1. Could you list all residues from the stretch 90-130 that are within 37 Å of the chain's Cα centre (by Cα), surrounded by fewer than 10 Cβ atoms within 10 Å (Cβ to Cβ) and in a helix (DSSP H, G or I)?
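The values are calculated or read from the model by the stated rules, or taken from the named source; none is laboratory data. All of these numbers come straight from a predicted model, not from anything done at the bench. When we count neighbours, we look across all protein chains shown, and the Cβ atoms used for this are built from the backbone with ideal geometry, even at glycine.
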Amino acid sequence: MKLKICVAIALAAGMARAEDRPAKKPDSKKKSTPPAELTLPADAKMVEPGTYTFTDAQGKKWIYRKTPFGLARLEDKPAETKAAAPSTGPVTTATEDGDIVRFERPGPFGMYRWQKKKAELDDDERAALDRFRDKSAGSAKGKQE
């Protein structure tokens, strides 16, 4: 019973202290003005439905797009002219052993190795075998000279 009375007195004291504190004022620093609503310029030309282009007074080109969330504006930058070299993927090596061809190719978990009969090869495996033959013929010519 004494415990209940002590807890009740502690709660009453805590509530009295909370009432004595001044109310918190919202920080005026955190107030920010919302951005101005974006509107489509009158001189904008429609390129596709929902997509417009516009050149401003400074000479910058802009692309305006209508999205489900409103109008979006992007700067129209020229595409980079760097042509990426076509990746041929991992290089498969082939070795002939009579009627069987053995293949090796690097993979994310180590080397992949398999073998097939010459009659069962697919296009990629034939190309690997042709590269092997060309390479071995070129090295054989280099050794003879």
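1. Within the stretch 90-130, just Asp123 meets the criteria.
So that you can scan it fast, the table gives a plain yes or no per residue for (1) in contact with a helix residue (DSSP H, G or I) (Cβ under 6 Å, 6 or more places away or on another chain); (2) modelled with pLDDT under 80; (3) closer than 30 Å to Arg73 by Cα:
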{"residue": "Met1", "(1), (2), (3)": "no, no, no"}
{"residue": "Val7", "(1), (2), (3)": "no, no, no"}
{"residue": "Gly14", "(1), (2), (3)": "no, no, no"}
{"residue": "Asp20", "(1), (2), (3)": "no, yes, no"}
{"residue": "Lys24", "(1), (2), (3)": "no, yes, no"}
{"residue": "Lys29", "(1), (2), (3)": "no, yes, yes"}
{"residue": "Ser32", "(1), (2), (3)": "no, yes, yes"}
{"residue": "Pro35", "(1), (2), (3)": "no, yes, yes"}
{"residue": "Ala42", "(1), (2), (3)": "no, no, yes"}
